[in-house]
Amino acid sequence: MTASSPSPRQIWPEDFAARYRARGYWRGETFSDFLRARAAELPDNLAVVDAANRWTYAELLRRAESMAAGFLGLGLRRGDRVVVQLGNRAEFFSVVFGLFRAGLVPVFALPAHRLTEIRHFVAKSGAAAYLAADRGDGFDYRMLARSLILERDTAAPPLRVLILGEAEEFTPLHALPMVPLPEEDASPSDVAFVQISGGSTGLSKLIPRTHDDYIYSFRASAEICALSLRSVYLGALPIAHNFPMSSPGTFGTLYAGGRVVLSPSPSPEAAFPLIEREGVTITGLVPPLALLWLDAAPKTKHDLSSLQVLQVGGAKFTPEVAARVRPVLRCTLQQVFGMAEGLVNYTRLDDAEEVIVNTQGRPISPDDEVLVVDDSGEPVPEGEPGYLLTRGPYTIRAYHDDPGANARSFTADGFYHTGDIVRRRADGYLVVGGRAGDHINRAGEKISAEEIEDHLLAHPQVFDVAVVSIPDEYLGERSCAFVIPRSGAERPRPTALKAWMRARGIAEFKVPDQVVLVERFDTTAAGKTSRKELRARLRAEFLAAQAARAAGTPAEGAAPPPADNRSQNGGTGA
Ligand code: OOB
């Protein structure tokens, strides 16, 4: 962090803000207001359950307040950013509500992120602290923290490290020096926290969300999903992700006074016993996991009959698989098409099966403005594919401190370019057709081709590289890196390149699934190609070669995929 790191802000033009307030979307409520209200109304109802804890609303509030007193006691100051990297455990909520209560701003990292990503979140947000559990899924986050501290510029203000569990040389979360809590003075239009974008160019962008806009999104989502005091939401996907956090997710469930149950893994083996034991009524998955659940459900000995709604989102759910949900799981499918930047679309619970199976839903709010436009920005005829642009009461107007990305991603009148290609049907429902940008949607995890190319280009044996998405039966899309070796150097082995990527400290889901060595990238007659065209062409050639191999006729000039080149980093993220 530098002294000049700006505080994240999110500002709507005054006339829009006035309208969103007048229409009752923004109600001037903060996260702490709502937790206090639920704890007063439902002190003894269960709020959060994990393998080690069963906290009532009163208990959650008490723990959040003592966390807040500890954060302030440590010297963190209102407005400071704290990068939070916690898995699906109850403490996620005491920490996050504690940060809110102290006026601190969480920056939500996923457990899969590694040094490269965390370094970027810390630097870009100007974070004063990094907070993580000691270990998770076989990874030691204290090692990551050590590297962060070691490489930190001595001129930069110190980065505090707070550890849940065995803290070793760092500050233990369970023993913070507490100070009396001041009156809460958060404003509902303040930024409550920062989400991370999937990002199609380069590194992830930071997404500041306000109390007003975010609470509206999950309050309205909870209504659409008919959540009540009796709802039991299973957090199966990583809960720091926007989908399980707010669509309606864990926050929507707490808003409705329901119960959040946390699963350490989204696998049927972990989740099915919890559904039976806790009487789970609703959960959300990405398509590959939904497929796993559909295959496992007919064989399970666990009673899944409490499940009323299975939400699927984060990536395209094919109609063929979608049609299996009701007959196999005997519950309602809800398709969810959303983005951390804002806009979320849902199929409604009482929609006709045709709509539920074939569409990705319609927006939450009557004030979600949706445009479907062509290359020149003109609206396309109804039912035709075009680029989706949106503006509304919970869609951001700007990324944090990123003028370049803001110029590319927002129109002059404040519409966000989602990068998605959709069709809007006559009934207003959207059908997602693809992406305009060059990112890979790997089982719901968004990977920027450019970010991976930049890593591989740093390898001494790599001359050039292009990373593309390849359709994958299970993951939806997988990543494939076409690599031109540096002449004169020894040819790099694909497995060695992947190992090298891992050693750079990046999230495992970003390591290319396939690496194909090629001699050169053929250029067009003009001798020039954009990265975008090059990626499109490599992808088309690859698919042609794959199809030809399947038909037993090798295609000319195309690089056939080495069959044994796939890595095992199966995606389970959102
Ligand atoms: C969710 O959020 P992000 O920020 O990780 O990713 C957003 C992108 C969308 O722009 C779209 O490209 C893709 O993920 N996407 C879908 C989809 N849901 C998201 N593509 C096709 N079908 C769907 N149902 O992924 C997210 C945030 C909130 C709720 C649900 C998902």
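The values are calculated or read from the model by the stated rules, or taken from the named source; none is laboratory data. Computed from a prediction, not measured in an experiment: that's the story for all the values here. A quick note on method: Cβ atoms are made from the backbone with ideal geometry, for glycine too, and the neighbour counts reach across all protein chains shown.
Okay, residues lined up against (1) in contact (Cβ under 8 Å) with a residue 60 or more places away in the chain; (2) closer than 17 Å to THR250 by Cα; (3) over 18 Å from the mean Cα position of the chain (by Cα):
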| position | (1), (2), (3) |
| --- | --- |
| ARG209 | yes, yes, no |
| SER217 | yes, yes, no |
| ILE224 | yes, yes, yes |
| SER231 | no, yes, yes |
| LEU234 | no, yes, no |
Q: Check ILE224 against each of (1) crowded, with 24+ Cβ neighbours inside 10 Å; (2) within 14 Å of the ligand (Cβ to nearest atom) and name the one condition it does not meet.
A: (1)
Q: State which residue pairs qualify: first residue free of Cβ contacts under 8 Å to residues at least 24 places away in the same chain and inside segment 492-517, second residue buried (at least 20 other Cβ atoms within 10 Å of the Cβ) in any location, beta carbons under 7 Å apart, and separation of 6 or more residues or different chains.
A: ARG502/VAL511
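One line per residue, one yes/no per condition, for (1) outside the structural domain of ALA145 (by TED's automatic domain parsing); (2) more than 19 Å from PRO177 (Cβ to Cβ); (3) in a helix (DSSP H, G or I):
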| position | (1), (2), (3) |
| --- | --- |
| ASP44 | no, yes, no |
| ALA58 | no, yes, yes |
| LEU61 | no, yes, yes |
| GLY70 | no, no, yes |
| VAL84 | no, yes, no |
| ARG89 | no, yes, no |
| PHE100 | no, yes, yes |
Q. Does segment 308-317 contain any residue that is in contact (Cβ under 8 Å) with a residue 60 or more places away in the chain, of a type outside the set (Lys, Arg) and touching a Cys at 6+ places or on another chain (Cβ under 7 Å)?
A. yes
(Q) Condition first: farther than 24 Å from LEU35 by Cβ, touching a strand residue (DSSP E or B) at 6+ places or on another chain (Cβ under 7 Å) and in a helix (DSSP H, G or I). Can you find one or more residues in segment 239-247 that meet it? (A) no
Q: Determine if segment 364-387 includes at least one residue that is within 13 Å of the ligand (Cβ to nearest atom), in contact with a His (Cβ under 8 Å, 6 or more places away or on another chain) and not basic (Lys, Arg).
A: yes
(Q) Looking only at segment 144-174, count every residue that is at negative phi, at pLDDT 95 or above and out of contact with any Leu (no Cβ under 9 Å at 6 or more places or on another chain) and tell me the total. (A) 4
Q | Considering residues of segment 408-435 that are among the acidic types (Asp, Glu) and in a loop (DSSP other than H, G, I, E, B) only, the residue nearest to the ligand (Cβ to nearest atom) | A | ASP427
(Q) What's the number of the only condition in (1) in a strand (DSSP E or B); (2) among the hydrophobic types (A, V, I, L, M, F, W, C); (3) surrounded by fewer than 22 Cβ atoms within 10 Å (Cβ to Cβ) that ILE207 fails to meet? (A) (3)
Q: Please state which one of ASP438, ASP472 is under 26 Å from VAL122 (Cα atoms) and within 16 Å of the ligand (Cβ to nearest atom).
A: ASP438
Q) Quick check: is even one residue across segment 503-525 surrounded by 18 or more Cβ atoms within 10 Å (Cβ to Cβ), in the same structural domain as LEU538 (by TED's automatic domain parsing), over 24 Å from the mean Cα position of the chain (by Cα) and not hydrophobic (A, V, I, L, M, F, W, C)? A) no
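Per-residue answers, yes or no, for (1) surrounded by fewer than 20 Cβ atoms within 10 Å (Cβ to Cβ); (2) out of contact with any Cys (no Cβ under 8 Å at 6 or more places or on another chain); (3) in a helix (DSSP H, G or I); (4) in the same structural domain as TYR214 (by TED's automatic domain parsing):
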| site | (1), (2), (3), (4) |
| --- | --- |
| PRO288 | no, yes, yes, yes |
| HIS302 | yes, yes, no, yes |
| SER306 | yes, yes, no, yes |
| PRO327 | yes, yes, yes, yes |
| PHE337 | no, yes, no, yes |
| ASN345 | no, yes, no, yes |
| GLN360 | no, yes, no, yes |
Q.
Against the condition surrounded by fewer than 24 Cβ atoms within 10 Å (Cβ to Cβ), outside the structural domain of ARG77 (by TED's automatic domain parsing) and in contact with a His (Cβ under 7 Å, 6 or more places away or on another chain), how does LEU110 come out, does it pass?
A. no
(Q) Tell me yes or no: at least one residue of segment 365-374 is of a type in the set (Val, Ile, Thr) and crowded, with 17+ Cβ neighbours inside 10 Å. (A) yes
Q | Every residue from segment 147-194 that is among the charged types (D, E, K, R), part of a strand (DSSP E or B) and surrounded by fewer than 19 Cβ atoms within 10 Å (Cβ to Cβ) | A | none
Q | Criterion (within 14 Å of the ligand (Cβ to nearest atom), of a type in the set (D, E, K, R), touching a residue at least 12 places away in the same chain (Cβ under 8 Å) and assigned by TED's automatic domain parsing to the domain that holds TYR429) met by exactly one of GLU341, GLU353 | A | GLU341
Q: Taking ALA405 as the residue in question, decide whether it is in contact with a strand residue (DSSP E or B) (Cβ under 6 Å, 6 or more places away or on another chain) and within 15 Å of the ligand (Cβ to nearest atom).
A: no
